[in-house]
Structures are given as C-alpha cells and as structure tokens.
Amino acid sequence: MDTEYVRSRFIKHFDGTTGFLYASPGRINLIGEHTDYNGGFVFPGAVDKGMIAEIKPNGTDKVKAYSIDLKDYVEFGLNEEDAPRASWARYIFGVCREMIKRGVDVKGFNTAFAGDVPLGAGMSSSAALESTYAFALNELFGENKIDKFELAKVGQATEHNYCGVNCGIMDQFASVFGKAGSLIRLDCRSLEYQYFPFHLEGYRLVLMDSVVKHELASSAYNKRRQSCEAAVAAIQKKHPHVEFLRDCTMAMLEEAKADISAEDYMRAEYVIEEIQRVLDVCEALEKDDYETVGKKMYETHHGMSKLYEVSCEELDFLNDCAKEYGVTGSRVMGGGFGGCTINLVKDELYDNFVEKTKAAFKAKFGRSPKVYDVVIGDGSRRLE
C-alpha cells in the first residue's frame with residue numbers, strides 16, 4: 001500500500017497540511033466456511049493488502065471525504081438524517097454513527113483513502129475500510145476507550161444498519177485482530193479466539209480468482225441457512241439442549257434423517273464435518289503438518305461443491321487443476337457461487353501451477369483467472 005500516494009492526494013484535496021495515517025487489512029479464511037451462523041469456528045488471517053486513510057480533525061461538524069480510487073468527494077454531517085447517498089461514503093458515515101452510539105464524541109474531519117484489496121475477490125475490502133475508520137476515530141476522538149472487539153462490532157453494525165448487509169463478525173474481527181505469521185481461530189458462539197502459528201516455509205498461499213460472481217448467491221445463502229435451521233429443529237426433538245449444528249454429531253443427524261429432506265441432511269452433514277475440520281487444521285498447524293492442512297482443504301472443497309452445492313463450474317475446474325498440478329491444498333474460499341479458490345502450494349510447484357492453470361482456464365472459459373499471492377499481515381494500526 002502506497003502511503004506517500006495517499007498523503008499526496010490528501011494534501012492536494014484539502015488545505016495542504018497533513019493528518020494521521022491509518023491502515024487495516026483485508027482477510028482470507030483458510031478453512032471454516034458457512035460455519036459462522038451455525039455456531040462453529042472460522043479460521044481467518046489478515047493479509048498484506050488493505051485500506052489506508054489519512055485523517056485530520058477539521059474543527060467543524062462535517063466530514064469531508066475523498067475516495068482516491070473512485071475520484072469522488074462527499075461531505076456529510078454526523079446526525080442520523082445526514083446519511084450520504086454515495087455507497088462508499090455510507091461505510092464511513094456508519095462507522096461515525098456507531099462510534100457516537102458508543103459514547104465517542106466524533107467531530108468533523110477531512111479524510112482521503114485508497115485501497116489495494118482486489119475488489120470482488122472475497123478479501124473483504126469493506127471490512128478493511130470500516131476497521132480503518134473505527135480504529136482511527138477511537139484514537140482521535142475516543143482516547144482509545146473502545147476495545148478491539150467492540151471496534152470489530154462497529155464495522156459489523158455499520159454493515160447491518162447503514163449498508164444493508166447482514167454479515168457475521170469474521171471479516172471485521174480478522175481486520176482488527178490480524179497478526180503477521182498467525183491465523184486466528186474464532187469461536188462464533190462464545191467469541192473466544194486463539195492465535196495459531198502459520199509458518200509457510202517451503203509453501204506459498206495463492207488465490208486464483210475465477211472472475212465470476214453468480215447472481216443467485218444471496219437467495220441461495222438464505223436457503224442454506226434455512227436448511228441448517230430445519231436440521232437443528234429436527235434434532236432438538238430428541239436432544240433439546242442443541243442450539244446450533246455446532247452442538248450436533250453425525251449420529252444425531254442420522255437419527256433425524258427421516259424427519260428432514262435429503263437436501264437439508266446434506267447441508268447439515270457438510271457443516272458438522274466442516275466444524276470438525278477447522279479443529280483438525282488447528283491441531284495440524286501446531287505440528288507444522290501442512291500435508292494434513294492441505295488434505296482438509298480439499299475435503300472442504302468437495303463438501304462445498306457436492307453437499308452444500310455452493311461451488312460452480314469455474315471453481316471446480318480450478319480445484320481440479322490444483323489437484324492435477326500437485327498443489328497441497330485447494331478449496332473455494334468464501335460463500336461460493338464464484339470468487340476465488342485458496343491454494344496452499346509448495347514453492348517449487350508454484351510457477352508451473354500458476355502458468356498451467358491460467359492456460360487451461362483460458363482455453364476452457366475464454367479468459368484468464370486473476371492470481372493474488374497472499375502474505376499474512378498485521379491488523380488495524382496507525383502508520384505514523
């Protein structure tokens with residue numbers, strides 16, 4: 001991320017003076033997909049790509065914001081009725097409002113921001129933006145009185161209340177709590193978390209972006225949540241303590257098989273197995289056992305493709321290429337229906353994998369996938 005460029009744009013668009021630079025990262029999720037709303041675990045890490053903002057209090061009650069990437073300028077007040085129309089500005093406005101609700105005396109400020117999170121690749125550029133401003137406003141106006149977990153919740157509440165997205169906490173959590181060289185296991189029920197070492201000696205992490213996003217994603221997502229809830233309701237008849245699929249075993253699901261549809265059974269089977277896979281991967285990482293990590297990633301892809309049915313032809317093709325070219329682990333990352341595969345690749349196989357996969361994908365689909373190398377980095381911070 002280019003801090004000098006952000007600073008130069010800030011100086012140009014405002015009064016020629018400088019403020020403070022803040023940054024927050026995007027994220028990947030190594031394993032643990034569709035587990036969050038089932039009370040399970042996710043396993044994200046912050047990446048070395050994200051958002052940078054320069055911010056300076058301006059002594060007014062107005063926020064003056066410039067999006068460097070979009071070349072767009074917006075001014076807005078800090079009351080509920082002052083919500084800006086521009087969708088990008090609503091993220092900043094929402095963070096301001098959520099911080100005010102938590103007792104931070106947010107005043108007007110000038111800001112310019114830019115990002116290098118690839119848009120549409122499932123690396124959560126919006127969470128990076130929210131986390132940057134939550135962290136900055138806490139420091140500039142709140143004397144750092146809001147703890148880091150609450151800052152993540154500020155970003156989540158911004159999505160819910162100002163951007164119309166009913167997201168979980170993972171993206172903002174990873175952006176705020178990220179640590180170089182570590183992944184974070186987050187228990188989505190208790191919100192307890194633990195860092196695990198991620199030492200990629202001899203391996204690289206790379207995203208293969210299918211450059212496709214299927215329109216049915218949101219309705220299909222809701223349908224899968226309903227399937228999980230239906231399975232839980234059936235299991236509760238014999239096991240009233242069960243609250244989420246997190247609490248269920250395959251034996252419990254088997255008992256309820258006659259009471260749910262075949263589709264609901266498959267969805268629940270995937271989730272119960274995926275929650276266990278996260279725990280298995282954590283155990284493997286503590287032994288630097290990347291072969292087991294890779295095996296579990298392939299199992300996740302199979303489950304997402306065949307049981308949860310949230311993959312697509314392009315993602316399955318990328319996963320098949322990974323297998324063919326000796327990649328240690330590969331799976332669709334994110335909610336599915338497009339986006340990226342995340343791949344754990346031995347250093348010596350990397351060039352061949354990227355080159356041959358790009359050629360094979362182009363021959364089949366008429367376009368090349370985008371390739372993003374991933375380095376696990378630090379979370380929200382002030383740069384100077």
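With charges set only on the Cβ (+1 for Lys and Arg, -1 for Asp and Glu), what does the dipole of the range 162-268 come to about its Cα centre, in debye to the nearest 20?
Details: 13 positive and 14 negative charges, 19 e Å.
Roughly 100 debye, rounded to the nearest 20.
When the convex hull of its Cα atoms is viewed from all sides, the range 289-356 shows a mean projected area of 4.3 nm².
Largest first, the residues 323, 356 sort by 1.4 Å accessible area into 323, 356.
Using the Cα centre as the reference, give the magnitude of the dipole from point charges on the C-beta atoms of the range 209-354 (Lys, Arg: +1; Asp, Glu: -1; all else neutral), rounded to the nearest 20 debye.
520 debye
Listed by chain and number, the lysines whose C-alpha is less than 24 Å from the C-alpha of residue 238, apart from same-chain residues fewer than 8 away, are 257.
Rolling a 1.4 Å probe over the protein heavy atoms of the range 92-155, with every protein chain left in place, gives an accessible area that is 48 percent carbon and sulfur.
Whole number please: convex hull volume per residue, Cα atoms of the range 325-384, in Å³. Can you show the working numbers first?
Details: hull volume 8.3 nm³, N = 60.
Looking at the range 325-384, the number lands at 139 Å³ per residue.
The packing ranking, built from the mean of other Cβ atoms within 10 Å per residue, places the peptides 154-161, 253-260, 86-93 in the order 154-161, 86-93, 253-260, highest first.
Taking other residues whose beta carbon is less than 12 angstrom from the beta carbon of residue 126, and scoring Lys, Arg as +1 and Asp, Glu as -1, yields -1.
Selection among 34, 20, 95 by position relative to the dipole of the range 1-100 gives 20 as farthest towards the positive end (Cβ unit charges, Cα centre).
Each other residue within a Cβ distance under 13 Å of residue 329 adds +1 if Lys or Arg and -1 if Asp or Glu, for a net charge of +3. Comparing 350, 305, 138 along the charge dipole axis of the chain, the residue lying farthest to the positive side is 138, per the Cβ-charge model.
Longer than 25 Å from Cα to Cα, which of 295/346; 306/364; 12/213 are they? Say none if no pair is. From the list (295/346; 306/364; 12/213), the Cα-Cα distance tops 25 Å for 12/213.
Compute the signed sum of charges (Lys and Arg +1, Asp and Glu -1) over the other residues within less than 13 Å, Cβ to Cβ, of residue 226. Walk me through the numbers before you get to the answer.
On the way: positive: 223, 224, 225, 267; negative: 229, 263, 264.
After counting each charged neighbour, the total is +1.
Rounded to the nearest 10 degrees, the angle from helix 148-162 to the longest Cα principal axis of the chain is 90 degrees.
Divide by every residue of the chain the summed helix terms, -39500 (n - 2.57) for each DSSP H run of at least 4, and state the resulting mean residue ellipticity at 222 nm, rounded to the nearest 500 deg cm²/dmol. Display every interim value, and only then the final one.
Numbers: 11 runs with 161 residues, N = 384.
After summing the helix terms and dividing by the residues of the chain, the value is -13500 deg cm²/dmol.
Using only the C-alpha atoms, the convex hull of the range 260-378 corresponds to 118 Å³ per residue. In the complete set of protein chains, residue-level accessible area for residue 31 is approximately 0 Å², probe 1.4 angstrom.
With the whole protein complex present, residue 288 retains an accessible surface near 80 Å², based on a 1.4 Å probe.
Summary of packing: across the peptides 115-121, 272-278, 329-335, the per-residue average of other C-beta atoms within 10 Å ranks them, highest first, as 329-335, 272-278, 115-121.
The values are calculated or read from the model by the stated rules, or taken from the named source; none is laboratory data. Source: prediction; values computed, not measured. Glycine gets a Cβ as well: all are built from the backbone with ideal geometry, and neighbour counts include every protein chain shown. These area figures cover heavy atoms from the full protein model, side chains too; ligands, DNA and RNA do not enter into them. Shrake-Rupley method; radii C 1.70, N 1.55, O 1.52, S 1.80 Å.
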